[in-house]
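*Asks:* Provided herewith is a single structure, encoded as structure tokens, for subsequent inquiry.
The values are calculated or read from the model by the stated rules, or taken from the named source; none is laboratory data. Computed from a prediction, not measured in an experiment: that's the story for all the values here. Glycine gets a Cβ as well: all are built from the backbone with ideal geometry, and neighbour counts include every protein chain shown. These area figures cover heavy atoms from the full protein model, side chains too; ligands, DNA and RNA do not enter into them. Shrake-Rupley method; radii C 1.70, N 1.55, O 1.52, S 1.80 Å.
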Amino acid sequence: LGSAECTRCPPGREVAGPLDPSCLLCEVGFYSNEDRECVSCPETFTTAEEGAAGPDKCSCPVGTYLNRKQGLCKICQEGAHCPGGNDFPLVREGYYATFVPPESQNQTDLFESLQIFQCHTDAACPATLLVPAVGGEVRAREAYQCSDPQLSFQCARCPADTFWAEEEREIVVAGPEGDVTETKMLGVCQDCGAGNKIAFPFFIITVMIGVYTVFRFSKEPKGQGLTGMMFVGSAMSVVMTGMQTVLVVTTFDLNMPQLPLDILAPFRFLLFDIDMLSAACITGSSFQPRFGWRLLTPIFVLTSFFLTMQASKLIKRFSPKFTAMDAPRTANALGLVVSVGYIPLAKTAFQFFECRSHPSAPLTLVAYADIPCASEERTDIMYAGVLAVLLYPVGILTVFSCICAAAPKMYHKPTFRMSTGFMMARWKPHVWFFGLVVMFRNVVIAVLGVAYPADGVAQLAWSGSILVLYATLQATCAPWRAMIVGKADTSVNVVLAVLCGFLLTMVDFRDTQDARNSKFGWIVEVVFACGVSIYVFVGIYAVLFLLGKTGNTAKTSKQAAGAILASVGKLSSCVDAGTLTFDEVVGRMQLHVTPDEQVRLAELSGWVLHEVFGTVPRQSIRSSRRLPSNPLSEYKLPVEDPPSTQPTSPADQITGVPAESGSSSTGAPGAGGSGPSVVVAPRAASQEAQPDLAEF
């Protein structure tokens, strides 16, 4: 304007109009061509800022990447980070990626997308870049990078003669303000030495020594004898089952904090994780020998029981003082190990069918992250996976079910009782089958990885529900003979259920709210209906009880009274006849009856005396936490003269016999006439005589 010559607008600008010679900046998404006209970038492209000079300034916006084969910007994939521009997308920490198609790694103009896998552990896929992003910084790295250059196949496979391990190492992370050195656990491939190749044989030998140690401990029980062994075995089963459940939860599709994982790492052997024994040094990296080795490891362990028993018999030939293992106790020890290890046994079989989904890659096995589920390596031995399921979760549950079914007819036989003590001794007689309930709980938790292989929400929700149902059933039935173990079992399952609830906050919700409503809505409705049904049932039961239509019937009361009289009569007759002394009875109770059961027996005796015979307890046995030598001596009679006539019914003879009119007599449980004394409250003259005990 005001010049004799027209001057072209500078690059990135265009003339405002015919009558307005001023130059305006090209808007975002436009660039100036040679004629100084702002032209729109190609479809899906944009510019980083206003005033772009030339088509080379057009690039992909933030959140997209350049598909070089199609020449279009594509939405950033899950697990990737796309800062914008025309460079290759980056991979977020914890993910691994390859180029699609594979040859585009060398011919970049063929690049279409990334094939992104979720790494089996963050230690294999650490971040090497700190990239600025909206709302903060993103930890990422380039494709094809692993924690160790030797790693391949989704950073999950080490080369031959090496095995996977995790070590604390330094790693350099490049950031916008310079490089930062971090110290963290990284996955590395370590060379197989002679020591690593003999780790498994040493493990088997250690197991055999442990088997014999357990046998000797059970052969010569100390403390409270058989009840002490039962208590120790019950407590161990609760602890082991709880720990195994936590380890199974860590395999779910969730982002668990690293600290619990580090604490649980040394206990991975509880899931028969033979990778801890450097198994790759023996099996190599192929899938079939690796799966076969893991499948056969439990058989090796279980076979060690038989080998140990035979070895002990051989040693006894040369050393007569040596205690050889007998078949019934060996079978009992074997059954105890199988029942405690049922979760890892079932998990080992189901691992063949547990496939994990990835953001944009084929499914891979959870336990073998380098093996695609559709690969020939796996499909060629599908029969082995089916056989494993039939052998471990199905076969073991079937055998234990047969034992429970045969127990009512066979338990009186000493050999059967000794061989199946692991299954029966922990539970009260009326719920001898409760071990099957525990096994069913365990197998359902183990199978969740197959039912919902990549759905952390479903895995945790079902696990928490199963744990709550089991805790409720366990608290209702009170099946444990050791009361403290029952309380511990309930507490452990409630804590695990709460843990599953809070772990739901650490799951990546990949589906929409509508999809979750469709998937889980019916379950919520069923649970709600069950809750309402319980309230309705309780209300109806209360009304029926008030009307006398339910509750203990006369027949039930008659049977209960008969059982009490029969047991007391048997005990009294044995003591009076001199077959057993009172001290021998006490000794047998200490050997076969737990302290909790003894206390409950004393309490029950007190309740019967108080409610039926009108005696008054002097003190509470449970409050004193001791068991008196004679529970009946803790009770006194109401102030009332006893009858002068001799009792004629069996109940009178069992509970006490008045000696003289106006005085009470003492029953002698043993020699010398000393023992528990019981005096019966007077009866009405019209009271009917007790029926003969044979009726009951």
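*Asks:* Within segment 95-134, track down each residue that is outside any strand (DSSP E or B) and within 38 Å of the chain's Cα centre (by Cα).
*Replies:* Scanning segment 95-134 gives C119, H120, T121, D122, A123, A124, C125, P126, A127, T128.
*Asks:* Which of the residues belonging to segment 68-83 are under 22 Å from V39 (Cβ atoms) and out of contact with any Leu (no Cβ under 9 Å at 6 or more places or on another chain)?
*Replies:* Q70, G71
*Asks:* What are the residue pairs meeting all of these: first residue in segment 243-262, first residue closer than 16 Å to G501 by Cα and modelled with pLDDT under 80, second residue open to solvent by 50 Å² or more (accessible area, probe 1.4 Å) and aliphatic (A, V, I, L, M), Cβ atoms under 8 Å, and 6 or more apart or on different chains?
*Replies:* As it stands, the answer is L254/M506; N255/M506; M256/M506; P257/M506, since those pairs meet every condition given.
*Asks:* If you don't mind, another one. Assuming C158 fulfils every condition listed in (1) open to solvent by less than 50 Å² (accessible area, probe 1.4 Å); (2) among the hydrophobic types (A, V, I, L, M, F, W, C); (3) at pLDDT 80 or above; (4) closer than 30 Å to T490 by Cα apart from one, which condition is it?
*Replies:* If we test C158 against (1) open to solvent by less than 50 Å² (accessible area, probe 1.4 Å); (2) among the hydrophobic types (A, V, I, L, M, F, W, C); (3) at pLDDT 80 or above; (4) closer than 30 Å to T490 by Cα, just (4) comes out false.
*Asks:* Please determine whether any residue of segment 494-516 is over 28 Å from V443 (Cβ atoms), open to solvent by less than 90 Å² (accessible area, probe 1.4 Å) and under 28 Å from the mean Cα position of the chain (by Cα).
*Replies:* Among the residues of segment 494-516, at least one is over 28 Å from V443 (Cβ atoms), open to solvent by less than 90 Å² (accessible area, probe 1.4 Å) and under 28 Å from the mean Cα position of the chain (by Cα), which makes the answer yes.
*Asks:* Would you point out which residue out of A488, A458 is surrounded by 19 or more Cβ atoms within 10 Å (Cβ to Cβ), touching a residue at least 24 places away in the same chain (Cβ under 8 Å), part of a helix (DSSP H, G or I) and among the aliphatic types (A, V, I, L, M)?
*Replies:* After ruling out the rest, the residue left standing is A458.
*Asks:* Also: Checking L24 against (1) open to solvent by less than 80 Å² (accessible area, probe 1.4 Å); (2) touching a Cys at 6+ places or on another chain (Cβ under 9 Å); (3) more than 30 Å from T128 (Cα to Cα), which test does it fail?
*Replies:* It fails just one condition, (1).
*Asks:* For segment 30-64, what are the residues that are assigned to a strand (DSSP E or B), out of contact with any Asp or Glu (no Cβ under 7 Å at 6 or more places or on another chain), closer than 13 Å to R13 by Cβ and of a type outside the set (A, V, I, L, M, F, W, C)?
*Replies:* Y31 - this is the single residue of segment 30-64 that is assigned to a strand (DSSP E or B), out of contact with any Asp or Glu (no Cβ under 7 Å at 6 or more places or on another chain), closer than 13 Å to R13 by Cβ and of a type outside the set (A, V, I, L, M, F, W, C).
*Asks:* Quick one: in segment 73-94, of everything that is more than 24 Å from S147 (Cβ to Cβ), at pLDDT below 90 and surrounded by 14 or more Cβ atoms within 10 Å (Cβ to Cβ), which residue is nearest to the chain's Cα centre (by Cα)?
*Replies:* G84
*Asks:* Do we find a residue being polar (S, T, N, Q) and either without any contact (Cβ under 8 Å) to a residue 12 or more places away in the chain or over 30 Å from F99 (Cα atoms) (or both) anywhere in segment 35-51?
*Replies:* yes
*Asks:* With (1) within 14 Å of the chain's Cα centre (by Cα); (2) open to solvent by 60 Å² or more (accessible area, probe 1.4 Å); (3) over 16 Å from V340 (Cα atoms) as the list, and F440 as the residue in question, which single condition is left unmet?
*Replies:* (3)
*Asks:* Additional query: Would you confirm, using the coordinates I've provided, whether A165 is open to solvent by less than 20 Å² (accessible area, probe 1.4 Å), more than 21 Å from A361 (Cα to Cα) and within 29 Å of the chain's Cα centre (by Cα)?
*Replies:* So A165 passes the test.
*Asks:* Among the residues in segment 438-452, are any more than 24 Å from G233 (Cβ to Cβ) and either aromatic (F, W, Y) or outside any helix (DSSP H, G or I) (or both)?
*Replies:* yes
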